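Novice: So that we are looking at the same thing, I have put the structure below in structure tokens.
Read-outs: derived from the displayed coordinates by stated rules, not from any lab. A quick note: this is a predicted structure, and the numbers were derived from the prediction, not measured. FYI the Cβ positions are ideal-geometry reconstructions off the backbone, even for glycines, and counts take in every protein chain you see.
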Amino acid sequence: MDITTAPTDAPPHLSQPSPAEQKRAARGATRPGDRIFLGLSRGSGILLLVIMAAIAVFLTWRAALAISEDEGNFLTTFEWNTQAQPPVFGIAVLAFGTVVSSIIAMVIAVPVAVAIALFLTHYAPRKLSGPIAYVIDLLAAVPSIVYGLWGALILVPHLNGLYAWLDQYFGWTGILEWNGGAPRSMFTVGILLAIMILPIITNVSREVFRQVPQMHEEAALALGATRWEVIRMAVIPFGRSGVISASMLGLGRALGETMAVATVLSPSFEIQASLLDPGGGTFAQNIASKFGEASEFGRDALIASGLVLFVITLLVNGAARAIIARRKEYSGANA
């Protein structure tokens, strides 16, 4: 047969379907279970947004009722007296205590948690890493009131030596000056919160470090890198966004912790120059201690402070998402 006269069209069964035919085939091939799962997933996401919006509307409405009758500046007043006529209350002390105690907790917990996660994933033998990981998981399940009782009965009485040492070597800064009072201060709260959020950050970071591609580590070893250099050049860059996410989860718990803070802190509406002096307060601790005996207006005032904590939490999580988005090259998507 002459080659020039051979048919050039492909057989019908080998022809490619058009894009429209592919879409129709995809829709037809979708199973009922897939459609149900898609609907449930989409509905769950929409329901979550609705709940968040409802919480925001409720907090804003009740907060507006209280702030409209406040004689002082809600953001800068160093007093909380909702029984006075006219009432005077503000969140300056609460905002300071919440932010400072959370920062102390993060400074202590994040390096220790990352170090533990790296030890469990790259240094510890399997017989040792398993039991340690199990103990850390148990720590994450301990109720906050148990941490609070342990902090009040064990931690606080044994901090005098640490406070004296900090005062001796760093008291000249004024921030770590100790005047001999009971160690029920924001620094103690920060230590307790660090212990509480340590399991959360450790567990998430450990799982992130386990996802590092083996080829990355083997390539670094083939180039003559030591184990620490492998961690510094391959493991930590890959898991950086995951560590940030883990830290934000821990920070969220630190910002909203209630009973443990209320148990170890001597609350007062004063901002102490030294972190070692008793006094201060946090949003959650103030709400928990005053809500039961508050009047209707007093509860609205406490809800107003809860609105500020809600906004702070949203800002923190938004900042974390922005940081992760800027470092998406380390997310592992291109691994």
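Novice: Would you mind telling me which residue in Ile104, Ile55, Ile67 has the biggest mean-square fluctuation in a Gaussian network model of the chain, where springs connect alpha carbons within a distance under 10 angstrom?
Specialist: Ile55
Novice: With the contact rule set at Cα under 8 Å and sequence spacing of 6 or more, what percent relative contact order holds for the chain?
Specialist: Relative contact order of the chain: 24 percent.
Novice: Sort the following peptides by mean Cβ neighbour count (other Cβ atoms within 10 Å, averaged over residues), highest first: 113-120, 46-53, 179-186.
Specialist: Most protected by this proxy first, the peptides run 113-120, 179-186, 46-53.
Novice: Name the residue, out of Arg240, Arg299, Arg42, whose mean-square fluctuation peaks in a Gaussian network model built on the chain with Cα pairs under 10 Å.
Specialist: Highest fluctuation among the options: Arg42.
Novice: How many angstrom lie between the C-alpha centres of segment 174-241 and segment 50-117?
Specialist: Going from one Cα centre to the other spans 28 Å.
Novice: When only C-alpha pairs under 8 Å and at least 6 residues apart count, what is the relative contact order of segment 197-335, in percent?
Specialist: On the way: 118 pairs, mean separation 39.2, N = 139.
Worked out over segment 197-335, it gives 28 percent.
Novice: Helix 236-256 sits at what angle to the longest principal axis of the chain, using alpha carbons and giving 0 to 90 degrees rounded to 10?
Specialist: 40
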